[in-house]
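None of the figures in this text is laboratory data; all of them are computed from the coordinates on show. What you see is a predicted model; the values in this text were computed from it and never measured. Glycine also receives a Cβ, built like all others from the backbone with ideal geometry; neighbour counts cover every protein chain displayed.
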Amino acid sequence: MTAVAFLRPEFVESFPPEMTHGVLYVSIPYATCGHLCACGCGQEIVTPLSPAQWALTYDGQNVSLRPSIGNWGLPCYSHYWIKEGAVRWSRRYTADEIADNRARDRRDLREHLDQDRPGPISKMIRRLWP
């Protein structure tokens with residue numbers, strides 16, 4: 001597969017068994033988006049929607065996601081933004097920048113869970129994500 005320059009939104013309840021290249025699946029019931037990596041490697045990318053993870057904007061035709069998609073756990077290491085459906089490539093992060101981003105993401109998620117669900121669930125997440 002080749003890299004895509006645009007992701008067309010498709011609103012679904014759940015993701016299909018096989019995703020189509022160039023489609024950004026949006027599941028409102030599950031508050032999650034999914035797509036095949038924009039670089040063309042074929043890996044499935046899942047972006048949970050929450051104040052501590054990704055935010056979705058829909059203008060009636062196209063979708064934007066924030067923050068960027070950093071696929072640092074994949075061999076492709078692709079990093080891009082989805083703005084009004086367009087894939088906008090970003091620079092590659094250094095290992096230190098990736099580690100800093102992951103630490104911030106874990107902290108933000110922990111804080112979000114502590115605010116919304118104090119008690120056993122956030123304690124369990126803390127054990128899984130120190």
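Per-structure values
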quantity: Candidates Asp105, Asp59, Asp114: whichever shows maximal mean-square fluctuation once the chain is modelled as a Gaussian network with Cα springs under 10 Å; calculated: Asp59
quantity: Cβ crowding within 10 Å averaged over residues, with 36-43, 50-57 ranked highest first; calculated: 36-43, 50-57
quantity: Total charge dipole magnitude, the chain, about the Cα centre, Cβ charges on Lys, Arg, Asp, Glu only, Debye to nearest 20; calculated: 420 debye
quantity: Nitroxide proxy distance, nm - points 7 Å out along Cα→Cβ at Glu97 and His21; calculated: 2.7 nm
quantity: Given charges at Cβ of Lys, Arg, Asp, Glu: the chain dipole, positive-most of Ala3, Gly40, Gly70; calculated: Gly70
quantity: Ellipticity estimate at 222 nm from DSSP helix runs (n ≥ 4, -39,500 (n - 2.57)) divided over the chain, nearest 500; calculated: -8000 deg cm²/dmol
quantity: Packing-based exposure ordering (other Cβ within 10 Å, fewest first) of Ile98, Ile28, Ile82; calculated: Ile28, Ile98, Ile82
quantity: The chain: C-alpha pair distances exceeding 20 Å, %; calculated: 49 percent
quantity: Exposed GluC sites (Glu not before Pro) absent: longest stretch of the chain, with sites in DSSP loops and at most 15 other Cβ within 10 Å deemed exposed; calculated: 19-83
quantity: Inter-label distance for Ser14 and Thr57, nm, one decimal - labels placed 7 Å from Cα along Cα-to-Cβ; calculated: 3.2 nm
